[in-house]
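One structure is given below, encoded as structure tokens.
The values are calculated or read from the model by the stated rules, or taken from the named source; none is laboratory data. The structure presented is a predicted model; accordingly, all values stated were derived computationally and were not measured. No Cβ is skipped: glycine too gets one built from the backbone with ideal geometry, and neighbour counts run over all protein chains shown.
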Amino acid sequence: MSRKKKQMETMNEQEQNTRDTGKTMEKTIGKSVGKVDGAVARTSASQRISTKTMALIAVMTAVTCVLAPFSIPIGPVPISLTNLAIYFGLYILGTKKETVSYIIYLLIGFVGVPVFSGFSGGAAKLLGPTGGYLIGFIPLAIISGIFIDKFDGKVVPSVIGMILGTASCYTLGTIWFCIQADYEVMPALALCVIPFLPGDAVKIAIAAFFGPQIRRALKRMN
């Protein structure tokens, strides 16, 4: 009787162990499935964000391509709306995405599409005497964007950032122009910088006024 009792107890223990093992496996499988579902959900969300980001960058690149060619020729460097498009892009996209958007615009013009001022394009335009001002819009975007992003579009810091960004653009562009066109600094400033300062002030004021409103509206939509 004692031997049978021990056998029964052993069988019961084995059955209990089997049930416990089954429950453990179910929990493990359930956790694994949950992790996979979570990963899939995160990947799907990431893909949606990526698609939205690419679409916004493409839209701002298109806006720049449309606005930049319209210009008023007053010398080697025409008055254009390129920097205004960049300012609004910074409020809408932020520094990194707008900088990428502008670089894409430069590449489009570099391959020959007439998206530069005066409906021009090509490597000769970008690498020529006034090309430094086009390339100078990259540091303009970065510096202005840092201020706009850091202070969430507040007017005074944003204006300071846009002024500093514009100064960096003119510095690079003027050095480039002096080297390529064999000009002295003061004549180059008189020809390529000073006539544009009033218009730049107006464009900065327009961006500082409307930019924060657009930024807030987009945040509410999101």
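Among residues belonging to the stretch 147-162 that are more than 15 Å from Arg215 (Cα to Cα) and either at pLDDT below 95 or among the aliphatic types (A, V, I, L, M) (or both), point out the one that is surrounded by the fewest Cβ atoms within 10 Å (Cβ to Cβ). Explain how you work it out, then say what you get.
Start the filter on the stretch 147-162 by keeping residues that are more than 15 Å from Arg215 (Cα to Cα), which leaves 156-157, 159-162.
Adding the requirement that they be either at pLDDT below 95 or among the aliphatic types (A, V, I, L, M) (or both) leaves 156, 159-160, 162.
On the way: Val156: 10, Val159: 18, Ile160: 14, Met162: 28.
My answer is Val156.
So which residues in the stretch 169-183 are surrounded by 18 or more Cβ atoms within 10 Å (Cβ to Cβ) and of a type in the set (S, T, N, Q), if there are any at all?
Thr174
Tell me, yes or no, whether the stretch 174-192 has at least one residue that is farther than 22 Å from Leu126 by Cα, out of contact with any Cys (no Cβ under 7 Å at 6 or more places or on another chain), hydrophobic (A, V, I, L, M, F, W, C) and modelled with pLDDT under 95.
Within the stretch 174-192, none of the residues are farther than 22 Å from Leu126 by Cα, out of contact with any Cys (no Cβ under 7 Å at 6 or more places or on another chain), hydrophobic (A, V, I, L, M, F, W, C) and modelled with pLDDT under 95.
If a residue has to be under 20 Å from Phe196 (Cβ atoms) and surrounded by fewer than 20 Cβ atoms within 10 Å (Cβ to Cβ) to count, how many in the stretch 82-105 make the cut? Before you say what the answer is, go through the steps one by one.
Of the stretch 82-105, the ones under 20 Å from Phe196 (Cβ atoms) are 82-90, 102, 105.
The next check asks that each one be surrounded by fewer than 20 Cβ atoms within 10 Å (Cβ to Cβ); those that pass are 84.
Number satisfying all stated conditions: 1.
Would you be able to say whether some residue in the stretch 154-172 is touching a Lys or Arg at 6+ places or on another chain (Cβ under 9 Å), among the hydrophobic types (A, V, I, L, M, F, W, C), assigned to a helix (DSSP H, G or I) and under 29 Å from Pro73 (Cβ atoms)?
yes
Can you confirm whether Val159 is on the phi < 0 side of the Ramachandran plot, without any contact (Cβ under 8 Å) to a residue 40 or more places away in the chain and more than 17 Å from the chain's Cα centre (by Cα)? Break it down stepwise before answering.
Numbers: on the phi < 0 side of the Ramachandran plot: yes; without any contact (Cβ under 8 Å) to a residue 40 or more places away in the chain: no; more than 17 Å from the chain's Cα centre (by Cα): yes.
It is false that Val159 is on the phi < 0 side of the Ramachandran plot, without any contact (Cβ under 8 Å) to a residue 40 or more places away in the chain and more than 17 Å from the chain's Cα centre (by Cα).
Checking the structure you have, find out if any residue of the stretch 211-218 is modelled with pLDDT under 95, surrounded by fewer than 18 Cβ atoms within 10 Å (Cβ to Cβ) and not in a helix (DSSP H, G or I).
Scanning the stretch 211-218 turns up no residue that is modelled with pLDDT under 95, surrounded by fewer than 18 Cβ atoms within 10 Å (Cβ to Cβ) and not in a helix (DSSP H, G or I).
Could you say which residue among Val100, Val113 is more than 21 Å from Val202 (Cβ to Cβ), assigned to a loop (DSSP other than H, G, I, E, B), at pLDDT 95 or above and touching a helix residue (DSSP H, G or I) at 6+ places or on another chain (Cβ under 8 Å)?
Answer to the check: Val113.
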